[in-house]
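The values are calculated or read from the model by the stated rules, or taken from the named source; none is laboratory data. Small disclaimer: the values here were computed from a predicted structure and weren't measured. Glycine also receives a Cβ, built like all others from the backbone with ideal geometry; neighbour counts cover every protein chain displayed. Ligands, DNA and RNA are stripped out before the accessible areas are found, and what is left, the full protein with its side chains, is counted by its heavy atoms. Shrake-Rupley method; radii C 1.70, N 1.55, O 1.52, S 1.80 Å.
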Amino acid sequence: MSNKLSILFGTETGNSQALAEELAEASTDLGVENEIADLSESLVTDLSSVDKALIVVSTWGEGEPPPLMEDFFYDLEDGKAGELPNMEYAMIALGDTSYDEFCGCGRKMEGYFTKAGAKKIMDCLELDTFYDDEIAEWKTKFFPKIQKIIGTA
């Protein structure tokens with residue numbers, strides 16, 4: 001059982017990556033060891049070695065994954081991650097409310113993780129275009145929770 005937080009992001013324009021990097025820095029400042037990975041450069045089978053994850057993904061178009069991480073997304077959808085009973089995760093989904101499937105990629109991924117047996121640390125945070133206030137409030141809930149889970153609190 002690892003005491004490291006894996007921060008995974010999927011992005012097309014860089015917003016999810018920037019948020020993931022911000023959260024990684026905040027985690028480090030709080031004594032939470034972490035590593036950050038781009039899902040466009042990851043294999044879905046890598047998830048079997050992840051115990052604690054924070055996933056930050058954007059939605060492209062009408063509820064689709066960012067084109068750069070399509071391989072990862074569709075392999076996850078096809079169940080190629082296998083069973084993930086040891087994984088605990090939190091999901092941050094970025095989207096745009098002007099689309100019908102707001103945060104569709106994150107919502108779908110959450111369903112795939114649940115199907116694989118992973119456990120949610122907290123409910124999915126769905127963010128629209130401007131989200132500074134929402135992310136600040138979310139941090140006050142997430143970080144104490146992850147510190148307790150990892151044992152740094």
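Test of understanding: express the Cα radius of gyration of the range 2-153 as a ratio to 2.2 N^0.38 Å, with N the residue count.
Dividing the Cα Rg of the range 2-153 by 2.2 N^0.38 Å gives 0.96.
Mind telling me which of 102, 130, 143 comes out most flexible in a GNM of the chain, alpha-carbon contacts under 10 Å?
Maximum among the listed residues: 130.
With every protein chain left in place, what is the accessible area per residue of the range 16-153 in square angstrom, probe 1.4 Å?
51
Below 20 Å, Cα to Cα, which aspartates and glutamates can residue 148 reach? Residues fewer than 8 away in the same chain don't count.
The reachable aspartates and glutamates, counting only those whose Cα sits under 20 Å from residue 148, are 25, 29, 33, 35, 51, 88, 123, 137.
Once you put a point 7 Å from the Cα of residue 30 and another 7 Å from the Cα of residue 148, both along the Cβ direction, what distance in nm separates them?
A separation of 1.2 nm, rounded to one decimal place.
Quick one: Cα centre-to-centre distance for the range 105-124 and the range 1-67, in angstrom?
Spelled out, the Cα-based centre of one part sits 14 Å from the other.
Would you tally the net charge around residue 6, using a Cβ to Cβ cut-off of less than 11 Å, leaving residue 6 out, and scoring K and R as +1, D and E as -1? Display every interim value, and only then the final one.
Working: positive: 4, 52; negative: 33, 35, 46, 51, 88.
The answer is -3.
So between residue 134 and residue 71, what do we pick up on full extension, going 0.36 nm a residue minus the alpha carbon distance? Could the numbers behind the result be given before it?
On the way: separation 63, 0.36 × 63 = 22.68 nm, distance 2.99 nm.
Full-extension gain reported as 19.7 nm.
What range in the chain is the longest one free of GluC sites (Glu not before Pro) that are in a loop by DSSP and have at most 13 other Cβ atoms within 10 angstrom?
The longest uninterrupted stretch comes out as 84-153.
When a/c reaches 1.5 or more, the comparison of a/b and b/c decides; with that in mind, is the range 66-125 rounded, prolate or oblate per its Cα gyration tensor?
Oblate is the answer for the range 66-125, as a/c is 1.5 or above yet b/c matches or exceeds a/b.
At 20 °C and 1.002 mPa s, what whole-number value in µm²/s does Stokes-Einstein give for the translational diffusion of the range 103-153, with Rh from the Kirkwood sum over Cα pairs?
Here the translational diffusion coefficient equals 171 µm²/s.
So what are the three principal axis dimensions of the range 19-103 from its Cα atoms, in whole Å, longest to shortest?
Each principal axis gives a Cα extent; for the range 19-103 these are 39, 29, 21 Å.
Out of the total accessible area of the chain (probe 1.4 Å, heavy atoms of protein only), what percent is carbon and sulfur?
Within the chain, the accessible surface is 47 percent carbon and sulfur.
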